[in-house]
Structure formats: structure tokens, C-alpha cells
Amino acid sequence: MSEAPQSARHGNESETPAEHADRNFVELLQGLRVAVTGVQVLFAFLLTVPFSIGFTKLDSFDKWLYYISLVAAAIATMFFIAPVAQHRVLFRQGLKESLVRRSNAYGMIGTLALAVSMTAATMMVVDFLFNGPLPLITAAGAALLAAWLWFIEPAIRRRTDT
């Protein structure tokens, strides 16, 4: 797969700084839409879990895993929605470039919180189903896979491409 030339990757050379910030913000929001949908489904599911009959069978450890997963999903949701909410508050204030930088950071924090939530939820369910080391192995695998796919591999690519 060939990469776009350097000038094409950074936008049209005739873009004004405002147009560049607008394009970056739209691209960022497009990416966040995917994550927001996933985290909202996870969060909604987690909100229903304590009301199911089997929840009372969870031991203290699994309830803590549930708590971590629920809070991390809530945090991820807030960080993923923050760029849109802030855009509404800052509309036409000439602060788009700083909003883009902050929103990118929020997206990274939201992604990390989502990884924590997914890992804790996975460990909770596997621990409920199986005894022994399998829950920890599964959770570690999920955490490592998320770290690799969402953070490490892109960071390596960014470093080698610049």
C-alpha cells in the first residue's frame, strides 16, 4: 500500500490556517464517531448489569472489576463527547486550532479509558466463568492488544515515517 506524498498528507498547500484547523477538526470528529458508538454501547450495557439476577453472585473482586469498567466507560464517554460540547461553547471564537489540539488529547485519553473498561469487563466476565489464571491471561492479552493496536504500533509508525 503506497503512502500519499508528504504535501497531500498535510493538506492542500493553499489552505489557510483556519481551513486547516476546520479540516483537522472534521477528521478528528469522524474518528471519534466510531469510538463513541462503541463506548456508548458498552456503557449502556454496564449500566444494566447490576440489575440482572446473576450480579449478586459476583464476589468482591469481580464487583471491583465491574466498578473499574463502569467508571472507565463513563470517563471515555465524557472525553469522546467533550470536543463536540466544547465546539458548541467556543463556536466562532477563533479558537479552532487549540480546540483541535485539546480534542486530540481528549481522544487519546478516551481511548485509554476505553481500553481499561474493556479489559476490566473482559476480566470480570472470564473470572465469573472460569477459575485459575485464564481471567488474568485473557485480560492481559486484551490490554496488550489494545495497547499495540491503538498506541504502540501507530507511535512506531509515526516515529519511522518522520
Calculated P(r) of the stretch 87-162 - Cα pairs past 19 Å, %: 55
Helix runs (DSSP H) in the chain reaching 30 Å along axis by Cα, Kyte-Doolittle at least 1.6: none
By accessible area with a 1.4 Å probe, ligands and nucleic acids excluded, highest first: order of 157, 33, 102, 92: 92, 33, 157, 102
Spherically averaged projected area in nm², based on the convex hull that wraps the Cα atoms of the stretch 37-119: 6.0
Cα point-scatterer Debye curve for the chain, base-10 log of I(q)/I(0) at q = 0.19, 0.21 Å⁻¹: -1.19, -1.33
Surface per residue (accessible, 1.4 Å probe) for the chain, Å²: 66
Fluctuation leader among 77, 138, 56 - the chain, Gaussian network, Cα springs under 10 angstrom: 56
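Any idea what the relative contact order of the stretch 4-162 is, in percent, if you count C-alpha pairs under 8 Å spaced at least 6 apart?
24
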Solvent exposure, largest accessible area first (probe 1.4 Å, DNA, RNA and ligands not counted), of 57, 63: 57, 63
Residue 137 versus residue 153: modelled label distance in nm, points set 7 Å from Cα along the beta carbon direction: 2.3
Rounded percent of accessible protein surface that carbon and sulfur make up, the stretch 1-148, 1.4 Å probe: 70
Top of 141, 54, 38 by mean-square fluctuation, Gaussian network on the chain, Cα under 10 Å: 54
Spacing of the two label points (7 Å from each Cα toward its C-beta) at residue 104 and residue 27, in nm: 0.9
Listed residues 136, 65, 149, most fluctuating in the chain (Gaussian network, C-alpha, under 10 Å): 149
Per-pair calculated FRET efficiency, R0 = 30 Å: residue 85 and residue 15 via Cβ, rounded to 0.05: 0.70
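The values are calculated or read from the model by the stated rules, or taken from the named source; none is laboratory data. Only a predicted model underlies this, so the values are computations on that prediction, with no experimental measurement involved. All Cβ positions, glycine included, derive from the backbone under ideal geometry; neighbour counts span all protein chains shown. Accessible surface is based on the protein model in full, side chains and every heavy atom, while ligands, DNA and RNA are left aside. Shrake-Rupley method; radii C 1.70, N 1.55, O 1.52, S 1.80 Å.
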